[in-house]
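Below: the structure, in structure tokens.
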Amino acid sequence: MGISERLLGKKSVNGNPHIEAVSPGAAMPGGEVRISGQSLRPHELRRPRVRFGETEGAVVISADDFLIARVPLHASSGAIVVSTNGHSSNPHTIQVAAPIADNLHPVANPALDAEGNIYVTFSGARGQKVPVAVFKIDTSYNVKPFLADLMNATAIAFDRAGQMYVSSRYEGAVYRVAPNGTMSSYAESMGVATGIAFDREENLYIGDRSGTIFKVARDRQIFVFATLEPSVSAYHLAVGPHGDLFVAGPTTSSFDSVYRIDPHGKVSTFYRGLGRPQGLAFDREGHLYVAASLAGQRGIVRITPDGSAAMAVAGPSLVGLAFAPGRAAVLATTSGVHHLSWNVQGFSPLSD
């Protein structure tokens, strides 16, 4: 068999292109999706054309039974169509995230309040004092400054009453923030405080990326809950449906783990094999979603309760996500946030 046949598969001779599946079924602009089917490569090894709605995407790899295409910048949710030899395939639906805001610098999950307003950080480099540390994006997607006087804002969480909490990795502290933006100290001396999360009893967990997970009880007593391998950037935390705390923290390895810590502080490895895992969130079915790389592809990885992983959303530069009302998600990249209409309902230990 010649090299072209080995790399590209059997050359299509007859038949119109036909799409059988698109994986993953959701993507960010710039993400790469795999289109499987039949007769997807034109004669004479020319590249097929792939349209996302009315916008053409770049073909990265093409073969007779599959191709990989990059979602174009201005694509929207709708139909993918492959064209070869003057023939067009059947349409196949894909959900594409729509931009909400840019020129931001989130380093963890965005957060939503009870009214559906989105909060996202402009974290900045370590020790950098930025004009606005947290922005508020209302339900009409208007972006407004919310919090200014905080160095290196990292993670945001809300308690059951709707009170906001924000960590500062520079100050090693977590602050409670009133609706008018007034801050008060909630927990100090937390090392390099990064990820934060509440459990059902409203204990607050704080990830010190140098290797400690702290637990702050409602009476503000502080305990060392668990110790882990230090992270090169941040710990990201989420509490699962059964009360376990899940932690991701990129290390110098490209084969990182998500850890599960039971309510007694016992640490185990839930999943190993992700590249630079960051923001975490759970759905109502108990699936864990992680902003990470899997098998060399960046996006949102879905991990089942029994530890099976697959790419759920393809997209570059993703650092976190938060589920939104109406079976949707807000996705955060290193520079902005997007909205994804998604048939997934999120889980919160404070409301479920």
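The values are calculated or read from the model by the stated rules, or taken from the named source; none is laboratory data. All values derive from a computational prediction rather than experimental measurement. For neighbour counting, all protein chains shown are included, and Cβ atoms are generated from backbone atoms with ideal geometry for every residue, glycine included. Please note that ligands, DNA and RNA were not included when accessible areas were found on the heavy atoms of the full protein model with its side chains. Shrake-Rupley method; radii C 1.70, N 1.55, O 1.52, S 1.80 Å.
Under a 5 Å amide H cut-off, with hydrogens placed 1.01 Å from N, Glu20 pairs with Ser36, Gly37, Gln38 among residues at least 5 apart or on other chains. As a length-normalised measure over Cα pairs under 8 Å and 6 or more apart, the relative contact order of the stretch 223-315 settles at 19 percent.
Treating r as the C-beta distance of Gln38 and Thr93 and R0 as 25 Å, the FRET efficiency rounds to 0.85.
Count neighbours as other Cβ atoms within 10 Å of each site's Cβ, and list the chymotrypsin sites (Phe, Trp or Tyr not before Pro) in the stretch 73-165 that are DSSP loop with at most 13 such neighbours.
Tyr141
Between Gln128 and Glu201, the distance separating the two model label sites (each 7 Å from Cα on the Cα→Cβ line) works out to 4.0 nm. Residue farthest toward the positive end of the dipole of the stretch 246-326, with Cβ of Lys/Arg at +1 and Asp/Glu at -1: which of Thr251, Gly315, Phe270? The residue sitting farthest along the positive end of the dipole is Thr251. Between the listed residues Asn203, Leu340, Ile68, the Cα displaced farthest toward the positive end of the dipole of the chain, a dipole computed from Cβ unit charges relative to the Cα centre, is found at Ile68.
Of Phe66, Phe198, Phe223, the residue with the greatest mean-square motion in the GNM of the chain, using alpha carbon springs below 10 Å, is Phe223.
The accessible area of Thr227, taken with all protein chains in place and a 1.4 Å probe, comes to roughly 100 Å². At an R0 of 30 angstrom, the distance between the Cβ atoms of Lys144 and Phe255 translates into a FRET efficiency of 0.15. In the list [x] 41, 21, 17; [y] 61, 21, 18; [z] 36, 22, 20, the label attached to semi-axes √(5λ) of the Cα gyration tensor in Å as derived from the coordinates here is [x]. Per-residue 3J(HN,Hα) values for the stretch 138-152, derived from phi via the Karplus relation 6.51 cos²θ - 1.76 cosθ + 1.60 with θ = phi - 60°, read 6, 6, 9, 6, 7, 9, 9, x, 10, 9, 10, 8, 8, 8, 6 Hz in sequence order (x marks Gly and Pro). Each part gets one Cα centre, and for the stretch 86-106 versus the stretch 111-178 those centres are 27 Å apart.
So for Ser254, Ser168, Ser348, what's the accessible-area order with a 1.4 Å probe, most first?
The most accessible residue leads, giving Ser254, Ser348, Ser168.
Spin-label model, Val267/Ser189: points 7 Å from Cα along the beta carbon direction are separated by 2.2 nm. A Stokes-Einstein calculation at 10 °C with viscosity 1.306 mPa s, built on the Kirkwood radius of the stretch 228-352 over Cα pairs, returns a diffusion coefficient of 110 µm²/s. Each of Asp306 and His242 was given a label point 7 Å from its Cα along the Cα-to-Cβ line. The distance between the two points is 1.4 nm.
Charging the Cβ of each Asp and Glu at -1 and of each Lys and Arg at +1, and nothing else, the dipole of the stretch 83-187 about its Cα centre rounds to 220 debye.
The trypsin sites (Lys or Arg not before Pro) of the stretch 181-223 meeting both criteria, a DSSP state outside H, G, I, E and B (loop) and at most 13 other C-beta atoms within 10 angstrom of the site's C-beta, are Arg218, Arg220.
Once you have a ≥ b ≥ c as the square roots of the Cα gyration tensor eigenvalues for the stretch 136-182, tell me rounded if a/c is under 1.5, and otherwise prolate or oblate according to whether a/b is larger than b/c. Taking the square roots of the gyration eigenvalues as a ≥ b ≥ c, the stretch 136-182 is oblate. Relative to the Cα centre, the charge distribution of the chain, modelled as +1 at Lys and Arg Cβ and -1 at Asp and Glu Cβ, gives a dipole magnitude of about 720 debye.
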